[in-house]
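Here's the structure we're looking at; comments come further down.
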Amino acid sequence: MPEPAALETIVVSHGAEDLLRRCLRSLDEHPPAGGNRTVVVDSGSPDSIPDMVEREFPAVRLFRRDNIGFAAANNLALRESTADAVLLLNPDTEVHAGALDAALARLWSEERIGMVGVKLVTETGELDHACKRSFPTPLAALAHFTGIGRADTASERLSQYRATHLGDDEPGEVDAVNGAFMLCRAEAVREVGLLDEGYWLYMEDLDWCHRFWDAGWKVFYEPAGTALHVKGGSSGERRALRQEIAFHRGMARFYRRFEAPGHNALLNAAIYAGVFIKLAASLAVTIVKSRS
């Protein structure tokens, strides 16, 4: 097994100053044995936030940009990275002691592991189930969004999106990990390509994982490392109108790219109609909540 290589961590920030500060502090307090370089790409935050990064974390390399989207902001730093491993880390996370070492050890344990995610926990200590996922079937997606697939009593077919075939504390291969913590082998990134900037926000992580597998690179869940994930910390507990549209556009884009070619036209039409209906319902709820 090769020695752990230099790590570069990319954090895309957009508001949430205190969460970003906590995230960067955790990287300083719990670095991997081989060291870490941190890059912050600020995507449209008020000036006070990148100013805070410059003032409190002078070793961090900082890019200031308009709100160009999650994929584009990460790609900006990925293009310039020279590290052997790169970590995409959300600003609403905090890495725990040993998390980076555990993730790196797993990444270098096999030649064809291209991406590693760790166990993400919420502020209440519960598992963030998105830290290990399967590519959703139409049935599993419907079950997940209606809540049926998230019940403890749900069958494996209905709970499939949450990769329930793998225990929460069981390391193993998964279809996808969460974009909040994606540790990638640089060699794999060069082969697979950068994040798809056709996704402005949401679903780009699922797309990237699919492309890793398509190129012969494994995606691995490693619960020996843990990180806090304040879900919605950056985007808010309820998505804004632009975010809702981006989320549902991302769903349709992912389905069109990876699933639609294998299904008949009638099923595809039904799936797209379902996405549109869900978007309409979500927008209605968002509008009502914003006015209350």
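The values are calculated or read from the model by the stated rules, or taken from the named source; none is laboratory data. This structure is a prediction, so every number in the text was calculated from the model and none was measured. As a convention, Cβ positions derive from the backbone with ideal geometry for all residues, glycine included, and neighbour counts pool all protein chains shown. Protein only, heavy atoms only, side chains kept; ligands, DNA and RNA dropped before computing areas. Shrake-Rupley method; radii C 1.70, N 1.55, O 1.52, S 1.80 Å.
Is it fair to say H129 is in contact (Cβ under 8 Å) with a residue 24 or more places away in the chain, open to solvent by 10 Å² or more (accessible area, probe 1.4 Å), in contact with a helix residue (DSSP H, G or I) (Cβ under 8 Å, 6 or more places away or on another chain) and farther than 29 Å from R249 by Cα?
Values: in contact (Cβ under 8 Å) with a residue 24 or more places away in the chain: yes; open to solvent by 10 Å² or more (accessible area, probe 1.4 Å): yes; in contact with a helix residue (DSSP H, G or I) (Cβ under 8 Å, 6 or more places away or on another chain): yes; farther than 29 Å from R249 by Cα: no.
So H129 fails the test.
Just for the range 192-215: of the residues that are modelled with pLDDT of 95 or more, over 16 Å from A83 (Cβ atoms) and open to solvent by 40 Å² or more (accessible area, probe 1.4 Å), which one is farthest from the chain's Cα centre (by Cα)?
D214
Kindly list the number of the only condition in (1) surrounded by fewer than 21 Cβ atoms within 10 Å (Cβ to Cβ); (2) touching a residue at least 12 places away in the same chain (Cβ under 8 Å) that fails for I148.
Looking at each condition in turn, I148 falls short on (2).
With the condition kept exactly as written, say whether any residue in the range 85-94 is open to solvent by less than 10 Å² (accessible area, probe 1.4 Å), of a type in the set (G, A, S), closer than 24 Å to S13 by Cα and in contact with a Lys or Arg (Cβ under 8 Å, 6 or more places away or on another chain).
yes
Within 30 Å of R291 (Cβ to Cβ), part of a loop (DSSP other than H, G, I, E, B), open to solvent by less than 50 Å² (accessible area, probe 1.4 Å) and of a type in the set (G, A, S), is that true of G179?
Taking the combined requirement at face value, the residue does not satisfy it.
Determine, yes or no, whether L78 is modelled with pLDDT of 95 or more, buried (at least 16 other Cβ atoms within 10 Å of the Cβ) and in a helix (DSSP H, G or I). Talk me through it step by step, then tell me what you get.
Details: modelled with pLDDT of 95 or more: yes; buried (at least 16 other Cβ atoms within 10 Å of the Cβ): yes; in a helix (DSSP H, G or I): yes.
When the stated conditions are applied, L78 passes them.
Name the residue that is farthest from Y202 (Cα to Cα), counting only residues in the range 255-292 that are among the small types (G, A, S) and modelled with pLDDT under 80. Talk me through it step by step, then tell me what you get.
Going through the range 255-292, the residues among the small types (G, A, S) turn out to be 260, 262, 265, 269-270, 273-274, 280-282, 284, 290, 292.
Applying the additional criterion that residues be modelled with pLDDT under 80 yields 290, 292.
Details: S290: 22, S292: 26 Å.
It comes out as S292.
Scan the range 19-29 and give yes if some residue there is part of a helix (DSSP H, G or I), at pLDDT 95 or above and polar (S, T, N, Q), otherwise no. Break it down into steps so the answer makes sense when it comes.
Quick first cut of the range 19-29, residues part of a helix (DSSP H, G or I) only: 19-29.
Still in the running and at pLDDT 95 or above: 19-29.
From the residues that got through so far, the ones that are polar (S, T, N, Q) too are 26.
Yes, some residue in the range 19-29 is part of a helix (DSSP H, G or I), at pLDDT 95 or above and polar (S, T, N, Q).
Please find, within the range 39-50, the residue that is farthest from the chain's Cα centre (by Cα) out of those that are within 12 Å of L20 (Cβ to Cβ) and not in a loop (DSSP other than H, G, I, E, B).
Applying the filter and picking the extreme gives S48.
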